Amino acid sequence: RYTLSEDNKQIFAAEYKLNARVVRLSAVFGPRMTFEYTDPVTHLIRACLLGDLQKESVTLEFSSRALFVEDAVSLIVKSVLSGSTALKIFDGSLLSPVKAVEIKQILLDPIWYENKGFAPSELPPWPTPNLEKTIKELAWSAKADLVKSLKKTINYFKT
């Protein structure tokens, strides 16, 4: 088993003539997710499922760029099926972070937020040149609605 840096992965793939690409994802949430990430979204979803969401204190400074699983899959598929992607590195996350406190409020009452047409507060995007390159090169962006994505995730685990 090899442990290689991103650049070494490209060299390894080129040397062995592999049709490979690297897709680096932020935390991913959705049905069948694991709770191993330390991302605020994962933490809040877990607290919601355990009935401890009211007790969770969320600092206003916390934010997340976690992707819904459907957006992550879309990026992976595009990276494989788009032309001229071999031996390249692609990043997948939200361009702009979402406040953890807003995620908590949605989880407390998703139906109300869905009916009101909730849109997250606009936070400045984090500088991520490779993500911007990914968005341009693959014509990809995260499209999942936050409220519906959180609702689908909670409903999956409750059933």
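The values are calculated or read from the model by the stated rules, or taken from the named source; none is laboratory data. The model shown is predicted, which means the values in this text are computed figures rather than measured ones. Cβ coordinates were reconstructed from backbone atoms using ideal geometry, including for glycine residues, and neighbour counts include every protein chain displayed. What goes into the accessible areas is simple: the full protein's heavy atoms, side chains included, and nothing from ligands, DNA or RNA. Shrake-Rupley method; radii C 1.70, N 1.55, O 1.52, S 1.80 Å.
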Take TYR16, TYR156, TYR113 and sort them by solvent-accessible surface of the protein heavy atoms, 1.4 Å probe, largest at the top. TYR16, TYR156, TYR113
What list of ³J(HN,Hα) values in whole Hz, one per residue of segment 108-122 in order, does the Karplus curve 6.51 cos²θ - 1.76 cosθ + 1.60 (θ = phi - 60°) give from phi, with Gly and Pro shown as x? 5, 8, x, 5, 4, 5, 5, 5, 8, x, 4, 10, x, 4, 7
In this structure, the FRET efficiency calculated for LEU95 and LYS148 from their beta-carbon separation, with R0 = 22 Å, to the nearest 0.05, is 0.70
Whole-Hz Karplus ³J(HN,Hα) for segment 19-28, in order, using 6.51 cos²θ - 1.76 cosθ + 1.60 and θ = phi - 60°, x for Gly and Pro? 8, 10, 8, 10, 10, 9, 10, 6, 4, 10
Keeping to pairs on different chains or 8 or more places apart, tell me how many lysine pairs in segment 16-159 have Cα atoms under 13 Å apart. 6
Most fluctuating residue given options THR42, THR85, THR59, as computed from a GNM of the chain linking Cα atoms under 10 Å: THR59
Given springs between every Cα pair under 10 Å in a Gaussian network model of the chain, which of ASP71, ASP39, ASP109 has the largest fluctuation? ASP109
Which of PHE12, PHE35, PHE68 fluctuates most in a GNM of the chain (C-alpha springs under 10 Å)? That residue is PHE12
How large, in percent, is the carbon and sulfur part of the accessible surface of segment 40-114 at a probe radius of 1.4 Å? 59
Using the Karplus curve 6.51 cos²θ - 1.76 cosθ + 1.60 with θ = phi - 60°, work out ³J(HN,Hα) for each residue of segment 38-49 in order, rounded to whole Hz, and write x for Gly and Pro. 9, 6, x, 4, 4, 4, 5, 4, 4, 4, 5, 5
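Probe radius 1.4 Å, ligands and nucleic acids ignored: give me the carbon and sulfur share of the accessible area of segment 115-159 as a rounded percent.
Carbon and sulfur together cover 56 percent of it.
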With a 1.4 Å probe and every protein chain left in place, work out the accessible area per residue of segment 1-152 in Å², rounded to a whole number. 61
Matching label for the computed log10 I(q)/I(0) by the Debye sum over Cα atoms at q = 0.13 Å⁻¹, out of (1) -0.85; (2) -0.67; (3) -0.57, is (2)
Restricting to bridges with both residues inside the chain, how much of the DSSP beta-bridge set is antiparallel, in percent to the nearest 5? 25
Only Lys, Arg (+1) and Asp, Glu (-1) charged, at Cβ; the chain dipole about Cα centre in debye: 420
For PHE90, which sequence-distant residues (separation of 5 or more, or a different chain) have an amide H within less than 5 Å of its own amide H, given hydrogens modelled in the peptide plane? VAL22, VAL23, ARG24
